[in-house]
Amino acid sequence: MTRFFDDIAPVTFDPSADALAFRHYNADEMLGGKSMRDHLRFAVCYWHNFVWEGNDPFGGQTFQRPWFPADTMDQAKAKADVAFEMFRLLDVPFWCFHDHDIRPEGDSLAESHKRLNEMADYAMAKMQDGGPKLLWGTANMFSNRRYMSGASTNPDPDVFAYCASTVKACLDVTHRLGGENYVLWGGREGYETLLNTDLDRELHQMGRFLQMVVEYKHKIGFKGAILIEPKPQEPTKHQYDFDVATVYGFLKRFGLENEVKVNVEQGHAILAGHSFEHELAMARTLGIFGSIDMNRNDYQSGWDTDQFPNNVPEVALAYYEVLKAGGFTTGGTNFDAKLRRQSLDPMDLIAAHVGAMDVCARGLKAAHAMLEDDALEGPRRARYASWEKAGHLHPGKTLEDVAAYAEAAALNPQPVSGRQEILENIVNRYV
Ligand code: XUL
Ligand code: CO
C-alpha cells in the first residue's frame, strides 16, 4: 500500500451513495447476455495519469507527485505501486502503457531494454496478484529529439533501425505480459513541410516497417491484434495516419488490411473533421474495427485536449457503432484522458475515471436499448427496402441494361423524407 490514495476506498456501484460511487456502471449487470464489464472492457492509461506533470505550452509542472521525476528505477517502481493501486480502487479489468511511461530511459538502447524488462517483471507480479490485464502496449517514438523528423519515416535509416529495436522490445514485453493488442500511433510519422519531404519514400518506409512488425508478431506467436491509431495532426503538422479511411487505403496498398486494425480515438476523430461515430462506422464497414481510446476533445480549441468523456448522447452513438461491429473482441475502452492542469489532488484522478465510466455505462445502455428495440435499424432498413426488390439492378447488369430499364419504365423518381429530426427525437428518448 502506498499513502497516495490514503483516504480513498475502493469504488463500488451504489446509486444512492453520497460519496464517490458508480451510479450507472454496474460491472456485473447483464446486457444482452454479456456483463457491462465484458462489454466495456475499461482500461486506464499510464501516461496521462502517472507521467504527465500538468504542463501546457505556456506553463510547466502543476502536479506534485511523490514519484516525480521518475528518472530512477526506484522512482519508477514507486510510480507503478501507485498506478496499480489506482487500478485496484477503480476495479478496471485492463491497463495500457508506453515503454517510456514505465521505465526511465537508459544511456544506451541495451540499457533501456533492460530497464523495460525489469519494469515489466515488476508489473507482471502486480498483474498476477489480482491486478488488471494488459489491453495494449506501445512504444513512445515521439518524445525524444531523435524522432523529431520521424520514427520509421525518418530520413536517417539509423532512426528506422532504432525504431525496429524499440518496437521489437515492446512487442516482446507486451506478449510476455499477455497483452491483447499492440498499438502504433505515429505522432511523428508525417511532415512539417513538403519542401524538405520525400513523401513517396516516407510512405514506403512506413509500409515496410509495418510489414516487418506484422511478420515479427507471427514469428513470436503473438495472438493479439496490431492496431494503428489514426490522427490527422499534432504534434506533426500533417500525419500520414490521418483518419480511418486513409489508414485503410494505406493498409490495402501494403497488403495489410487483414492483419492490422484501428484504435479509434474520439479526440482524433474531431481533429480530422469527423465525429467519433463516423470513424467507428467507417472502421466497422471496412472490417478494421479494433479498439477505442475514449476521451472528449474541445470543440473550439483545435488542440488535442484529451478530456474525460462527459457527453452521453455522443458516447451512446459511439457504442452503438461498437455494438453493431459485434462488440469488442481483443479491444476495449481505454481512457486516453487527462485531468485539467488545475485538478491537483489524488481524488481528482479517481473522480475523473468514475465519472467517465458512468458516462460510458449510460451510453452503452442507451445504445443497447436502441438496438434491442430496432429503433434506428428498422427505419434504416425501410429506407433501403426497394433495393431488395430491385433485381434488375443487381451486380452483373451493365450500364446499358440499367439505362434500358429506366428508359422503358419512363422513370421519374419522387423523393421521400429522410426523417432526420424524427430519428434524432428517437435517439433523444434513449439518452
Ligand atoms: C496521442 C495519443 C497516444 C496514443 C498512444 O494523441 O492518443 O497517447 O494513444 O501512443
Ligand atoms: Co490515444
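We did not get these values from a lab; they are worked out from the coordinates using the rules stated. Since this is a predicted model, take the numbers as computed values, not measurements. No Cβ is skipped: glycine too gets one built from the backbone with ideal geometry, and neighbour counts run over all protein chains shown.
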Report Rg/Rh for the stretch 1-51, rounded to two decimals, where Rg is the Cα radius of gyration and Rh the Kirkwood radius. 1.05
Hey, what did the chain get for relative contact order, percent, Cα under 8 Å, at least 6 apart? 15 percent
Could you tell me the convex hull volume per residue, in Å³, taken over the Cα atoms of the stretch 87-147? 85 Å³
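Only loop residues by DSSP count here, and only those with at most 15 other Cβ atoms within 10 Å; note down the GluC sites (Glu not before Pro) in the stretch 1-92 that meet that.
Passing both the DSSP loop test and the Cβ count: 29, 53.
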The stretch 162-228: trypsin sites (Lys or Arg not before Pro) in DSSP loop, at most 15 other beta carbons within 10 Å: 223
Per the stretch 64-207, sqrt(5λ) over the Cα gyration tensor eigenvalues, sorted largest first, in Å, gives 31, 16, 14
Take 36, 148, 141 and order them by how many other Cβ atoms sit within 10 Å, fewest up front. 148, 36, 141
Residues of type lysines that residue 397 reaches as a straight line, Cα spacing below 23 Å, ignoring anything fewer than 8 places off in the same chain: 389
If packing is taken as the average count of other Cβ atoms within 10 Å, what order do 321-334, 401-414, 123-136 fall into, highest mean first? 321-334, 123-136, 401-414
Rg/Rh of the chain (Cα atoms, Kirkwood Rh), to two decimals, equals 1.01
Of the trypsin sites (Lys or Arg not before Pro) in the stretch 350-400, which ones lie in a loop per DSSP and count no more than 14 other C-beta atoms within 10 Å? none
Compute the distance in nm between two label points, each set 7 Å from the Cα along the Cα-to-Cβ direction, one at residue 105 and one at residue 29. 4.5 nm
